[in-house]
Structure formats: structure tokens, C-alpha cells
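Let me begin by presenting the structure, written as C-alpha cells, before commenting on it.
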Amino acid sequence: MALLGTVTVSHYLAVGAVLFVTGALCMATKRNALGVLMGIELVLNGANLNFVAFGSELLRKDNLGLDGSLMALFVIVLAAGEAAVALAIALNFYNNHMSIDIDQADDLKG
Amino acid sequence: MPVDLETILILVPEGALILSATALFVLGAADRRRSWWPVCATLPLLFALVMVVRDWGRPVLYSGPLIQDATGDTGRLLSVVLGLVMVLMAWRQTRRKLATEFFGGLLMVVAGLMLVSRANDLVFLFLGTELVSIPTYMLLFLGKRNRASSEATVKYFFLSLLASALFLYGVSFVYGMSGTTLLVGSGDLLGIRDKLPEIMQSQIGGLLPLGLVLVLAGLGFKITAVPFHFYAPDVYQGTTNVNAAFLACAPKIAGILALTRIVVNVVPAEFYLGAKLVIVLAIVTMTVGNVCALWQTHVRRLMAYSSIAHAGYLLIGLALGLASASSGGLHGLSAMLFYLVLYVVATLGTFGAFAYVRSRGEEAEHLDDLAGLSQTHAPIAAMLAVCMLSLAGIPPLAGFWGKLTLFSGAVELAFDMTHPMRGWFAVLAVAGALNAAIAAAYYLRVILVMYFKPPHSDSPVTADHGLQTVVAICSVLLVLIGADPGRLLDAIEPQAVRARQVPVEPELGMNAPDGEQIPE
């Protein structure tokens, strides 16, 4: 219980940073387009966690406390919209390449 | 945050655009012929244009998350004009079947750009940039359905999302340091700008530069600054000329406007680390863009590297703004906005001309497709030459004045004996001048191909009057601005200064942050 009692904003920030880095690595290494999309969700949620933690009463008592949560809500809506566009784009890519392996996206260079 | 009737009323043009875009999406599905939808897209844009012109030059107003000032006015006018020009360009270039989706997406982007240009809140800023990004993916997707196009869309989509996430992560730190997302407060509400001195003294203030660097990285993608540039050549090559014109302009406008807002309001007075970073980025960006453009033979790849190089020039203005924020000298930022306007006009004209030229029934792809254009379509060749010369910065044309205002700002700081970064700006000015010389080579090569190579036997005309009009308007504008640059520069000049002055006016009940001198 002592551990739970000392949770501060920096703990949330650390988890957020881990999520962010994991997501970025996932985007850099995954070959499957859907895997990359999952990486994006992780990255966005890492940022979201930051917003909620910074907006919480743990950091400052005097704030209205809604800005951070509001931003997090907007980001969740945005991530849903992006997922919808992503599926259309991945489907189009599949129709042209017969695969969603984005390593195959190497025709254009010069 | 307070949202009153006033705030809602000044959002009428943006709201009208979003509503008409939704109507286009829904009603377009019911109409199979879809021949008169471009007209339906033009009407809300014209309405927005009238509203923007009517609001022009109104007194500065801070209304919660929105701000009404000259930067906002300039940005809104530029976005609406971009929308109208894009409708003209796409009128006959889009496939009939996809017309409503294309024009609906375009209206959304224009609304997003208008929101970014007057955002006074980080939430608004983020949502505005996303309202630009998401329809952009859609427009790319609608361009062509072949292999190259789908690859371009996937590349742009994933990299743009990563950039948005970086921007968001940076914004979260800025929010955390200040406890508010409001940039400039009004009344009892304090904004980030009002809390800056307090933040810099607090223990956690060290995280603010981290947040700002992440924000710069996220927006650097939108303006194709090195090292976030590598998608641009591939994406431009893979899509259509009309889409490439759009990609070269809309995200850049959004990125530059957002950077202006952030630099004016969120950056601490002595943020030399940021200025040094931006100077290095500017030099690398323009050098990479110009040197790589030298051996390109694909017209859209050439223009992609050209747009990267121009991002480098734009960053000079940002560096000037960052380095002289303490002295209130924000003409660096207004030089940046001036340059942005000129770049947008010249780029739209260039891509309009490329879209006009057909070769063997296909869109112009290679530089050779332009061979002998001066004999087959003399007016278009002349107007394309004007755009090229303006992009190169040849004296009588508008582009020259854009480069002159940016470089002279850098030179001014380089000769300012008291400025701690004068060495950096001396290097920047020299690098800029060298780059302008390199850039002339590839722009002139396009003109050489048009005028001195024999034409192909088959270079049919598209007979697209929309494209002709666009190219004509752009080249005439470049000549006119070149003849009288002071008029446009004056229209842009006072805004940045005004934006900085207002929050410290006494009647707003705020104290000037420490260590800041307010310009007269």
C-alpha cells in the first residue's frame, strides 16, 4: 500500500513516455500496415496519458482540471476517425499490391 | 473556457464551409451525373471570402479559444483564396464520379486552415491541423487508384500520423507546464503567455523546451523540413498534379501559421537553443532541397525538392522570430508570412501549368514532356517561366522581394554587435545566398527545356480554361507584387507586432512579462 500512496504525476509521465516510445518503435519496425496502426494508437495514448495526468489534481490543486481531460477526449475521437481512414487506405493498398506489407511500398524513389 | 455568442458569430464562415462539405458528401451520393457540384463548392467559398473581406482589419479581439487579429485575417484570406484556386484547378481534372468527395474534402481543409490561422488555444490548434490532415489523406486517396498512388497515400498517411503524435506529445508538455491550453488570456483567464515568466522560474520549467522541440518536429513534417522531408518527393510523384499543388500549399500554410502562433505566444524570451536548432534545420533543409533538385528529371519530384528548399527559407524567418523575440522584433515572422504567400502563388501557378500540359494522353511527368512548350502553347510557357523565375528569386518578380526581406533580416542580426547569436546569423545569411544561386540552376533548366528543345510531335492541349485562368492569375499576381511589394508587406507587417502588443495593454489587466520590451 505504501507504493500506491506515493503515486505522483511523474509516474504517470513515465508510463506515458514508455507508451510513446513503444508506439514509435512499433511504427518503425512493423511491416504490417495494421501493426503500424497499432503503434500509432499507442503513441496517441501515451500523449493522452500525459494530458490526463497534467490535468489532474495531483499536479496543481487550483486548476479547472477540464482542459486536459477534454483534450484527451478529442484525441480519442480523432484516433477513431484516423482508424476509419486508415482502413480505406490499407484496403486500397491491398487492392494494388495484394498485400498490406508496407515494405512493398518502394516503387517510388530517385 | 467561455464560449459566448461572439465566438460563435466569428466562426460563421468556417461553420458554413463545414456544413456545405457535409451536405456535399451526403447529397452527392444521390446524384449520379455530378456535373454541377463544383459550382456548389464554389458558393460557400465565395461566401467565406465575402465574410473574411468584411471582417478584414477589425480591432483585435480575444475571445476564449479564438483570436481575431491581422495574422488570422491574412491566414484566412490566403486559405479561402487557396480553396477557390484549387476548385478552379480541379474543376475538370477530377474524375466526375468522385467530384463531391474531392470538393467536400477541399472545403474541410479550407475550414481547418481558417481555424488554425485564428486559434488562440492549443486544443483548437491541434484540431485545426488535424482538420487539414485527415481530408488531405482522403484527397490523396481519391487522386488516382494505381499502384504508385496507393503507395504515396500510405507513406503520407503513416508519416503524417507520426508527426501529429509528436506534435500532440509536445503540446501535452506545454500544457503540463502552464496548466492551461489557452495561448493568450483575456479578462480573468490567464493564458500560457501570461504564465511564461512564472513557468521558467519553476522547477519543472525545464520541460517546456522539450515540449517546444517536439512541437517543432511535428510541425516540421507539415512544412517538409529536413529530416522530415523524405516523404515529399515520393508522394508528389505518386499523385496527380492537382493533388501535388494542394500538398505543396495546404500543409505548409497550416504549419507556418501554427508556428507563428506558438512562437509569438509560447516561446520564452531568451530561447536561443531553439533558435540555434532552427538555424541548423534551415541551412540543412535548403541545401538538401536545392542540391537534390539539381538532378531530378520528374517534374513533380523537382517541385517536391523545390518545396523542401523553400521550407528552408521559411525557417529563416522562424529563426529570426525566435532569436529576436525578446526585442519584440517580429518582422522575421512577417517576412516568413510574406514569403509563404509568394511561395503559394508561384507553386499553384507552376502545378497549374504542369497539369495543363498533356503528353501522350497522360499528365506531364518528365521534364522532356515540357519540351518546346514555347512553340506549342506560348502563353502557358511564358507564364510558367514567370512562376519559375519568381521561385528562383530573379529581381523584378515577387519571389525576389520575399528572399530579400528574409535575408536582410538575417544580415541585420549578423551586424548587430550586441546580439549573442550574430555569428550564427552570419552563417545563415551566407548559406541562404549560396542556396539561392544553386536554386536558379534547376529553375532555369525548366525554362531552357521549354524554350530551346524541339517539341514532341504529340502534345495535345487539355483546353482546360480553369487551369489557364489559375496560371494566368498566379503569374499576373507575381508580376504585380514584384512591382509593388511594399503594399502586401505592409498588409502583413503590423499583425505580428500587434499580436504581441495587445496582451500587455493595460486595460486587459495584465502585467508585461519580465524582460520584455514592447515595441512602439
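The values are calculated or read from the model by the stated rules, or taken from the named source; none is laboratory data. Because the structure is predicted, anything quoted here is derived from the model rather than measured. Cβ: placed from backbone, ideal geometry, glycine included. Neighbour counts: every protein chain shown. For the accessible areas, the whole protein counts, side chains as well, though only heavy atoms, and no ligand, DNA or RNA atoms are used. Shrake-Rupley method; radii C 1.70, N 1.55, O 1.52, S 1.80 Å.
Charge dipole (Cα centre; +1 on Lys/Arg Cβ, -1 on Asp/Glu Cβ; no other charges) of chain A amounts to roughly 200 debye. Remark: mean inter-chain Cβ contacts per residue of B:10-23 equal 0, using a 10 Å Cβ-Cβ cutoff to other protein chain atoms.
Once the Cβ-Cβ distance of A:L25 and B:L294 is raised to the sixth power relative to R0 = 51 Å, the FRET efficiency obtained is 0.90.
When chymotrypsin sites (Phe, Trp or Tyr not before Pro) are flagged only if DSSP places them in a loop and at most 15 other Cβ atoms lie within 10 Å, the longest unflagged stretch of chain B comes out as B:57-229. For chain A, the residue among A:A88, A:T6, A:M71 whose Cα projects farthest onto the positive side of the dipole built from Cβ charges is A:T6. Here each label is just a point 7 Å from Cα along the line to Cβ, and for B:Y451 and B:K97 those points are 4.4 nm apart. Ordering of B:251-259, B:81-89, B:189-197 by packing is B:251-259, B:81-89, B:189-197, highest average first (other Cβ atoms within 10 Å, averaged per residue). Note on B:L46 and B:H366: their simple-model spin labels are 4.4 nm apart, each label 7 Å out from Cα toward Cβ. Positive contributions from Lys and Arg (+1) and negative ones from Asp and Glu (-1), summed over other residues with Cβ under 15 Å from the Cβ of B:V80, come out at 0. If one puts a single equal scatterer on every Cα of chain A and applies the Debye formula without solvent, what log₁₀ I(q)/I(0) results at q = 0.11, 0.13, 0.19, 0.22 Å⁻¹? The computed values of log10 I(q)/I(0) come out as -0.49, -0.62, -0.98, -1.15. Its Cα centre serving as origin, chain B has a Cβ charge dipole (Lys and Arg +1, Asp and Glu -1) of approximately 1780 debye. Between chain B and chain A, the total buried accessible area stands at approximately 3900 Å², from heavy atoms with a 1.4 Å probe.
Here the contact order of chain B, divided by its residue count and restricted to Cα pairs under 8 Å and six or more residues apart, works out to 15 percent. Label-to-label distance, B:V12 versus B:A433, with points set 7 angstrom from Cα along the beta-carbon direction: 5.2 nm. Computed over the stretch B:13-128, relative contact order equals 38 percent, with contacts defined as Cα pairs under 8 Å that lie 6+ residues apart. The charge dipole of the protein assembly as shown, taken about its Cα centre with unit charges on the Cβ of Lys, Arg, Asp and Glu (plus for the first two, minus for the last two), comes to roughly 1640 debye.
Across peptide A:30-40, the mean count of Cβ atoms from other chains lying within 10 Å of each residue's own Cβ comes to 2.
Inter-chain neighbour count for B:170-183: the average number of beta-carbon atoms from partner chains within 10 Å of each residue's beta-carbon is 5.
On a per residue basis, the stretch A:10-108 carries 50 Å² of accessible surface, using protein heavy atoms and a 1.4 Å probe. In this structure, A:S56 and B:V280 have a Cβ-Cβ separation that, at R0 = 45 Å, corresponds to a calculated FRET efficiency of about 0.75.
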